[in-house]
Amino acid sequence: MVEKTVTVTAPEGLHARPAGAIVKIVKDSGCSVSLSTASRTVRGDSMLGILSLGLKCGTEVRISVEGTDEGAVMDSILGQL
C-alpha cells in the first residue's frame with residue numbers, strides 16, 4: 001500500500017473534470033484507492049464520493065493506493081490535483 005497526504009493546489013479546487021480523470025485512472029488500474037479528509041473517506045472509483053469531499057484549494061487530502069503498480073497509479077492521481 002502507498003499513502004500520501006497532499007494539499008490541493010488548483011485555484012478552483014477539485015472539480016468535476018479532475019475528479020472524473022481520477023475515477024478513470026482508478027477504474028483502469030484495478031487498484032483499490034481511497035481519498036480521505038479529516039472527516040470523511042471515500043472510494044476513488046466514485047465520482048460523487050470524490051466531489052462530496054468538497055476539496056477546495058488548500059484542503060489536505062490523504063490518498064491510499066493498494067494493488068498492482070501502486071506508485072504509477074499514485075503519480076497519475078497526483079497529477080490531477
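Read the figures in this text as sums done on the coordinates, not as results from a lab. Everything numeric in this text was worked out from a predicted model, so none of it was measured. Backbone-built Cβ (ideal geometry, glycine too); neighbour counts: all protein chains shown.
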| remark: With label points set 7 Å from each Cα along the Cα-to-Cβ direction at residue 69 and residue 7, the distance between them in nm comes to 3.2 nm
| query | By how many degrees, 0 to 90 and rounded to 10, does the Cα axis of helix 16-29 deviate from the longest principal axis of the chain? | reply | 10 degrees
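Pairs of alpha-carbon atoms within less than 8 angstrom and 6+ residues apart define the contacts here; what relative contact order does the chain have, in percent? Mind dumping the intermediate values first?
Working: 146 pairs, mean separation 37.1, N = 81.
The value is 46 percent.
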| message | Computed from the coordinates I sent, Rg and Dmax of the Cα atoms in Å equals one of (i) 18.4, 60; (ii) 11.1, 32; (iii) 12.5, 38. Tell me the label. | response | (ii)
